[in-house]
Structures are given as structure tokens and as C-alpha cells.
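Single-structure report; data block below.
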Amino acid sequence: MERTFVMVKPDGFRRGLVGEILARFERKGFRILALKALRIPRELAERHYAEHWEKPFFGSLVAFITSGPVVALVLEGPGAVAEVRKMVGATHPKDALPGTIRGDYATTIDENVIHASASLEDAQREIALFFRPEELL
Ligand code: ATP
Ligand code: MG
């Protein structure tokens, strides 16, 4: 069993895609261990995306992710980290296959609808950033 961290980004929330995205993970068979809607404070956004702080798009990435409500969740299931990344699709929607979330719902790299942890280590770090241990079911 693995746990991974997923976030419906502000564009996904604004476009009313939360239900559609949650349904995909539920139908696949992942267990929802935690779920909340929030506005991400700037400091949390900078810590979440700390690996990208030197990139030219860091400022716009933080501005975007703090631009409106998001839905954060923890999913549990066999191989959850890699399986969820597969369902999310490639970072750039032009490379994301049809049938993946980004392939079906996104067209641009800066507003690509959803985040999912890239590794087990990232998942543990990100879950701890967004949830207290007692919030996990
Ligand atoms: P995420 O971490 O959001 O799940 P990812 O792991 O697929 O996405 P990363 O390389 O971690 O991709 O990039 C984080 C986010 O930064 C991307 O989702 C995208 O919105 C943005 N991003 C990445 N590369 C670029 C780029 N070259 N130009 C603009 N934005 C970018
Ligand atoms: Mg990433």
C-alpha cells in the first residue's frame, strides 16, 4: 500500500472539474484518506514547489497556485504514486495522452488542472505540508 498527495489546481476548481476528477480516482479503486478545499497561503505554495524555486516560471507558478481555491487530497492504494501519475498524464498537456486527466481537460502547461506527487519521498513531504496526521482517515 502506498499513499500519494493530489491537488486539483485553481483552474480545475474554477472550471468545476473537482467531481469529475474525484470520480476517476474513486472508480479506479483508490481510498480517499483525506480531503479538503483551501486557499493555499503563499508560504505553503513556495514550500510545496521548493524544487522549482530557481526556475524562470517559479513566480508565475506560485501566483497561479495561490490564485483561487484548490482541493487537496491523500489517496491510498497499491502503487498509488506511479498509478496516479499515470492517470494524471504528462506535465505538458500537449504530451498527455487522451484518457489521462491532463490529456482530457488541459491545453496549456501553466494551467494543467492537477498536481500529483512524483515520488514516495515527495508524497510523504507533501502530505505532511498539507495535512496534520490526525486529519488522515
Ligand atoms: P506538478 O508538480 O504540478 O504535479 P509535474 O510534476 O508534472 O507537475 P513539474 O516539473 O513538477 O511537473 O512542474 C510543476 C508545475 O510547474 C507544472 O505542473 C507546470 O504547471 C509548471 N511548469 C513546469 N514546467 C514549466 C515550464 N517550462 N513553463 C511553465 N510552467 C511550467
Ligand atoms: Mg511536480
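The values are calculated or read from the model by the stated rules, or taken from the named source; none is laboratory data. Worth saying up front: this structure is predicted, and the values here are computed from it rather than measured. Cβ: placed from backbone, ideal geometry, glycine included. Neighbour counts: every protein chain shown. SASA here: full protein model, heavy atoms, side chains in, ligands and nucleic acids out. Shrake-Rupley method; radii C 1.70, N 1.55, O 1.52, S 1.80 Å.
Restricting attention to region 89-112, which residues are in contact with a Lys or Arg (Cβ under 6 Å, 6 or more places away or on another chain) and either open to solvent by 60 Å² or more (accessible area, probe 1.4 Å) or within 12 Å of ligand 2 (Cβ to nearest atom) (or both)? If you could, list the steps in order and put the result at the bottom.
Pass one, region 89-112, residues in contact with a Lys or Arg (Cβ under 6 Å, 6 or more places away or on another chain): 89, 93, 96, 112.
Of everything in region 89-112, just one residue is in contact with a Lys or Arg (Cβ under 6 Å, 6 or more places away or on another chain) and either open to solvent by 60 Å² or more (accessible area, probe 1.4 Å) or within 12 Å of ligand 2 (Cβ to nearest atom) (or both), namely Asn112.
Looking only at residues that are farther than 16 Å from Val81 by Cβ and among the hydrophobic types (A, V, I, L, M, F, W, C) in region 1-31, which one is surrounded by the most Cβ atoms within 10 Å (Cβ to Cβ)?
At the first step, the residues of region 1-31 found to be farther than 16 Å from Val81 by Cβ are 8-24, 26-27.
This time we only want the ones that are among the hydrophobic types (A, V, I, L, M, F, W, C), so: 8, 13, 17-18, 21-23.
Numbers: Val8: 25, Phe13: 18, Leu17: 20, Val18: 18, Ile21: 21, Leu22: 18, Ala23: 10.
Among those that are farther than 16 Å from Val81 by Cβ and among the hydrophobic types (A, V, I, L, M, F, W, C), it is Val8.
At pLDDT 95 or above, surrounded by 21 or more Cβ atoms within 10 Å (Cβ to Cβ) and touching an Asp or Glu at 6+ places or on another chain (Cβ under 6 Å) - does that describe any residue in region 58-80?
Looking through region 58-80, at least one residue is at pLDDT 95 or above, surrounded by 21 or more Cβ atoms within 10 Å (Cβ to Cβ) and touching an Asp or Glu at 6+ places or on another chain (Cβ under 6 Å).
When His115 is evaluated against the numbered criteria (1) more than 24 Å from Pro133 (Cβ to Cβ); (2) within 15 Å of ligand 2 (Cβ to nearest atom); (3) of a type outside the set (A, V, I, L, M), which criterion, by number, is the only one it fails?
(1)
Do any helices (runs of 4 or more DSSP H) entirely within region 18-137 hold 3 or more residues that are within 12 Å of ligand 1 (Cβ to nearest atom), and if so, which?
On the way: elements: 18-28, 42-48, 58-65, 80-88, 101-105, 120-130.
In region 18-137, the matching helices (runs of 4 or more DSSP H) lie at 58-65, 80-88, 120-130.
For region 47-59, state whether one or more residues are under 22 Å from His92 (Cβ atoms) and more than 15 Å from ligand 2 (Cβ to nearest atom).
Quick first cut of region 47-59, residues under 22 Å from His92 (Cβ atoms) only: 48-59.
Retained after the next criterion (residues that are more than 15 Å from ligand 2 (Cβ to nearest atom)): 56, 59.
Checking region 47-59: at least one residue is under 22 Å from His92 (Cβ atoms) and more than 15 Å from ligand 2 (Cβ to nearest atom).
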